[in-house]
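Each value in this text was obtained by applying a stated rule to the coordinates, not by laboratory testing. No experiment lies behind these values; they were computed from the predicted model shown. Using ideal geometry, Cβ is built from the backbone for each residue, glycine included, and neighbour counts are taken over all protein chains shown.
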Amino acid sequence: MTALGKLLTAVIGLTVIGGGLAAYKSQKLGVPFWEGERVDEWLVEAKVSFLATGREVKARLSLPSAAAEQGAGQESGSLGYHYNVEPDRDEYTAVWSAQEREDAQALYYRVRFKQGLVSGGEPKAALEQPGKPDVPKLPGSLGAAAQNIVTRAKKVSADPDSLFVALFQQINDASSSQEYVLVKRHYEKEAEMNPNIAMGIDLLGLAGIPARLAYGVMLNDENAGQTPIPLLEYYDGAFWKVRNPLEPSRILDGRELFVWHRGGGPLLEVSGGVENSRVTFTVAKDRIPLATLTDLSDSPFLISTILALPVSERAVFRYIVLIPLGAFVVVLMRNLIGIPTLGTFMPVLLALALLEIKPLQGVLMFSILVGAGLWFRFLLSRMNLLVVPRVAACVVIVTLLMMLMGVISFRLGMSVGIKITLFPMIIIAWTLERMSLIWEEEGKRSAFTQVSGSVFVAVCAYYFMKISQIQYWAFYFPELLLILLAGILLVGRYTGYRLSELIRFKSFSNA
Amino acid sequence: MPDTAEKPTAQDDGHRWWHRWFRTPGELRALGVVGINMRNARFLLPNNPRRLYDLVDNKLRTKALAEAEGMNVAETYGILLNPHDANRVEKFVEGRDAFVIKPTRGSGGKGIMVIDKRAGKNFVKPSGVEVTPGDLKNHVSNILAGLFSLGGKRDYALIEYRVQPAELLTALSFQGAPDIRVVMLHGYPVMAMLRASTKESDGRSNLHQGAIGIGIDIATGMTVRAIHHGKPVTEHPDLGIGLIGVQMPDWDTILHMAVTCQEMTGLGYLGVDIMIDETLGPLMIEVNARPGLAIQMANGIGLLRRLEPVVEQHRKKPTADIEAKIAFSKKHFRAKLPPARD
């Protein structure tokens with residue numbers, strides 16, 4: 001087969017495979033192909049972590065029953081552990097167990113649900129009438145004070161809901177009455193959990209309303225590894241209701257908060273040879289419809305399994321899948337347009353840095369860095385250093401310049417300066433080295449042409465990678481990268497003129 | 001992806017308003033101009049196997065091959081291999097007044113230092129700038145560290161004979177030594193040019209730095225056309241001397257030398273740089289496996305017009321000998337000769 005035949009076979013093959021996989025995913029599995037069609041879904045991941053000391057381990061994590069009952073997608077990840085879900089009437093518990101584990105362990109449990117559909121905090125009919133709550137034992141004057149508080153609150157409230165509001169408004173109020181301050185101080189000293197909630201539970205108990213602790217997760221994908229938020233569940237005579245004690249008068253909003261655990265039992269129980277056990281939550285907004293998730297992660301195509309990774313690991317790929325797109329732009333710019341760049345893929349790295357910093361500020365910072373670095377580089381060249389030590393010296397200088405810029409811009413109240421560290425330092429040092437070499441060998445004009453060519457290509461790559469539809473495809477349809485690969489292969493055989501050559505040969509005339 | 005859609009539009013060679021800024025792809029194709037992509041995909045990649053590149057990228061190997069063929073090259077005075085040698089660089093040039101230090105793996109003339117004479121302890125470059133022995137050592141150290149080599153690999157420094165260019169050629173150049181580049185495909189010389197430096201190019205012969213490219217007729221060795229910054233000129237901008245109609249001396253030897261370089265390296269598409277010494281005649285300087293495209297502007301002929309007949313001829317007669325190849329090129333690539341200079 002000729003080279004061209006091989007190329008065409010490869011291009012057609014890649015296009016068919018990439019396009020076919022994408023079509024399968026979008027038609028059969030229902031992953032929306034256009035970003036606008038996406039369904040916003042929340043993915044909440046609980047991560048149980050602890051230090052195992054070499055003996056058998058058993059971990060029990062209470063699960064959101066709302067998600068379990070309504071068939072929300074759920075999955076667990078735990079290598080080497082036996083895992084099962086224990087239903088107990090309307091409560092569900094995930095149980096992991098293993099023998100002889102050592103070192104840091106991590107267990108994952110993921111739930112996903114449509115935005116706003118379930119908060120898990122809806123009023124729930126009690127399966128059986130809860131008994132009269134225990135009257136808390138408070139010593140002497142404290143008991144009287146607590147009783148006074150409850151009596152007063154009862155006077156201004158009609159039902160358990162308004163009593164709850166009245167009590168917690170007082171508890172949260174820093175300038176509340178002496179009695180509150182007195183009782184609060186006691187709970188701050190004694191209580192094992194959040195004192196406000198412990199106090200609330202006891203006061204509600206005094207008023208004859210059963211109450212217990214619940215836990216929720218903020219639906220906010222910006223802070224990874226958040227700790228569970230304590231909530232309060234109380235019985236109003238017919239239903240168990242959940243409210244956030246910090247906002248007692250608000251009904252829970254399913255778009256902001258997801259109730260992970262209710263029912264009074266412990267959220268996490270770890271037994272055996274275990275230290276430092278804790279549970280943290282990571283929340284991500286996802287765009288794959290619920291029903292297809294399990295299909296996707298079970299689907300035989302390896303490429304799809306990027307979606308089965310733990311949420312925190314997946315975030316890394318958001319950037320990695322963009323690199324081929326940048327490389328594609330570089331190929332187009334160099335081989336079709338003919339823009340000279342310093343180093344073939346330096347613009348891609350620069351573009352990645354620009355994604356974090358705004359492009360205008362980024363280019364400005366880059367220019368300052370290169371300008372100042374170049375000046376130092378010329379000082380260095382007077383000392384007649386050898387190449388490698390000189391580049392290393394440039395790295396040191398670039399690092400110091402970055403710190404300096406960070407400090408200066410912080411003082412001026414700009415936050416971009418701090419992000420400057422994202423610029424690949426070694427790349428900048430090499431840019432300086434090559435630029436000054438070209439400066440000496442070919443003159444400053446070529447040096448500037450090539451550096452500004454690189455920056456131009458980087459900015460183009462940035463704007464290409466910035467298109468949200470492109471990002472969406474790259475992340476959710478990584479198999480489309482095969483089609484991109486086919487495109488790159490085709491450009492690799494392009495023998496026509498570069499745009500720059502049309503200008504270069506403008507005065508060509510026949511002899 | 002060969003394009004076939006557009007029809008040539010500039011056959012009449014008439015001037016169009018857009019020629020001030022650009023030419024359309026159709027026009028360039030009609031002129032047979034070869035672009036970088038086409039050079040790489042159609043001529044470099046299929047004909048120059050990667051493993052042969054080292055033969056020409058390493059000047060020591062090129063020289064050894066050429067000497068084995070009995071070709072004239074610049075005499076080697078010494079090879080500096082390590083920092084110890086760098087410290088003794090003066091020993092290597094003892095008794096020599098003029099010499100050249102160059103990296104063995106340099107490209108594009110980078111890192112070449114030419115010394116014309118001595119002034120006391122110091123050395124003098126052609127521009128008159130004095131170089132101290134310390135500068136010389138530093139330069140050698142930079143070469144050894146790979147500053148000028150392809151890909152920054154560690155390198156050796158080569159000290160060799162300083163070519164004394166024939167007077168005929170120095171007359172065409174502002175300082176610097178003009179060299180002749182012959183581009184070949186499958187051993188058929190397809191185009192040649194003389195590169196002469198100007199004040200602007202500062203002794204260097206890179207066209208984009210302002211050197212003049214002077215096209216040479218393959219058949220006769222007569223200069224036919226000259227360009228400076230892409231525009232045709234007839235006189236040297238600094239010296240005012242006529243550049244057209246100059247007969248290159250020993251033209252047949254030069255062609256032979258070039259074709260022999262092709263045979264000894266095995267590269268299909270290459271450029272050979274040759275200098276003409278006043279007393280020794282043509283000397284092979286270096287072989288380039290990626291010759292540039294400016295040569296077609298210097299000759300005013302698209303390279304494709306020369307390369308395509310060669311491809312055809314090579315297909316018909318794959319075993320032609322040197323004489324047959326030169327005869328073919330001379331017959332088919334004869335330029336319209338301008339009147340000879342005085």
TODO: Give me the percent of Cα-Cα pairs in segment A:132-209 that sit more than 14 Å apart, rounded to a whole number.
DONE: 57 percent
Open item on the list: Among the listed pairs A:47/A:285; A:444/B:336; A:444/A:506, which have their C-alpha atoms separated by more than 28 angstrom in this model?
Closed with: A:444/B:336
Open item on the list: Please compute, for peptide B:30-37, the average count of beta-carbon atoms on other protein chains lying within 10 Å of each residue's beta-carbon.
Closed with: 6
TODO: From other protein chains only, count the Cβ atoms within 10 Å of every residue's Cβ in B:19-29, then give the mean.
DONE: 4
Open item on the list: Give me, ordered by chain and number, the residues 5 or more places off residue B:226 or on other chains with an amide H under 5 Å from its own placed amide H.
Closed with: B:215, B:233
- [ ] Any lysines with Cα under 21 Å of the residue B:331 Cα? List them, leaving off those in the same chain fewer than 8 positions away.
- [x] B:316, B:317
TODO: Run the dipole for segment B:75-161 about the Cα centre, Lys and Arg Cβ at +1, Asp and Glu Cβ at -1, nothing else charged, and hand back the magnitude in debye, nearest 20.
DONE: 200 debye
Task: Shielding by partners - mean other protein chain Cβ count within 10 Å, residues of B:227-235 - done: 2
TODO: Provide the packing ranking of B:272-285, A:14-27, i.e. peptides ordered by the mean count of other C-beta atoms within 10 Å per residue, highest first.
DONE: B:272-285, A:14-27
TODO: Specify whether the C-alpha gyration tensor of the protein assembly as shown places it in the rounded, prolate or oblate class, a ≥ b ≥ c being the square roots of the eigenvalues: rounded for a/c under 1.5, otherwise prolate if a/b is larger than b/c and oblate if not.
DONE: prolate
Open item on the list: Out of the trypsin sites (Lys or Arg not before Pro) in segment B:115-195, which ones are loop residues according to DSSP with at most 13 other C-beta atoms within 10 Å?
Closed with: B:121, B:153, B:154
Open item on the list: Using amide H atoms built in the peptide plane, which far-off residues or other-chain residues are under 5 Å from residue B:179 H to H?
Closed with: B:195
- [ ] For each pair in A:28/A:114; A:132/A:154; A:358/A:466; B:117/B:137; A:137/A:189; B:59/B:121, compute the distance between the two Cα atoms and list the pairs where it is over 22 Å.
- [x] B:59/B:121
Task: Fully extended contour minus Cα-Cα distance, from residue B:171 to residue B:15, at 0.36 nm per residue - done: 52.7 nm
Task: Burial ordering of A:410, A:281, fewest other beta-carbon atoms within 10 Å first - done: A:410, A:281
Task: Cα-based Kirkwood hydrodynamic radius, segment B:75-161, one decimal, Å - done: 12.7 Å
TODO: Mind checking which of A:156, A:131, A:199 is farthest towards the positive end of segment A:100-251's charge dipole, using Cβ charges of +1 (Lys, Arg) and -1 (Asp, Glu) about the Cα centre?
DONE: A:156
TODO: Based on the mean of other Cβ atoms within 10 Å per residue, sort peptides A:339-346, A:246-253, A:430-437 so the most packed one is first.
DONE: A:430-437, A:339-346, A:246-253
TODO: Identify, among B:283, B:253, B:301, the residue whose Cα sits farthest towards the positive end of the charge dipole of segment B:218-342, taking +1 on the Cβ of Lys and Arg and -1 on the Cβ of Asp and Glu, with the dipole about the Cα centre.
DONE: B:301
TODO: Report the calculated FRET efficiency for residue A:285 and residue A:9 (r = Cβ-Cβ distance, R0 = 41 Å), to the nearest 0.05.
DONE: 0.50
Open item on the list: Residue by residue through segment A:236-242, what is 3J(HN,Hα) from phi via Karplus (6.51 cos²θ - 1.76 cosθ + 1.60, θ = phi - 60°)? Round to whole Hz and write x for glycine and proline.
Closed with: 9, x, 10, 10, 8, 10, 10
- [ ] Starting from the Kirkwood radius over alpha-carbon pairs of segment A:322-477, derive D by Stokes-Einstein at 25 °C in a medium of 0.890 mPa s and give it in µm² s⁻¹.
- [x] 151 µm²/s
Open item on the list: Charges at C-beta only: +1 for Lys and Arg, -1 for Asp and Glu. How large is the resulting dipole of the protein assembly as shown about its Cα centre, in Debye rounded to 20?
Closed with: 1920 debye
Open item on the list: Along the Cα→Cβ direction, 7 angstrom out, place labels at residue A:182 and residue A:24. What is the inter-label distance in nm?
Closed with: 7.3 nm
Task: Test item: Cα-centred dipole of segment B:245-342, Lys/Arg +1 and Asp/Glu -1 on Cβ, debye - done: 700 debye
TODO: Springs between alpha-carbon atoms under 10 Å, Gaussian network over chain B: tell me which of B:252, B:179, B:155 tops the mean-square fluctuations.
DONE: B:252
Task: Inter-label distance for residue B:60 and residue A:507, nm, one decimal - labels placed 7 Å from Cα along Cα-to-Cβ - done: 4.3 nm
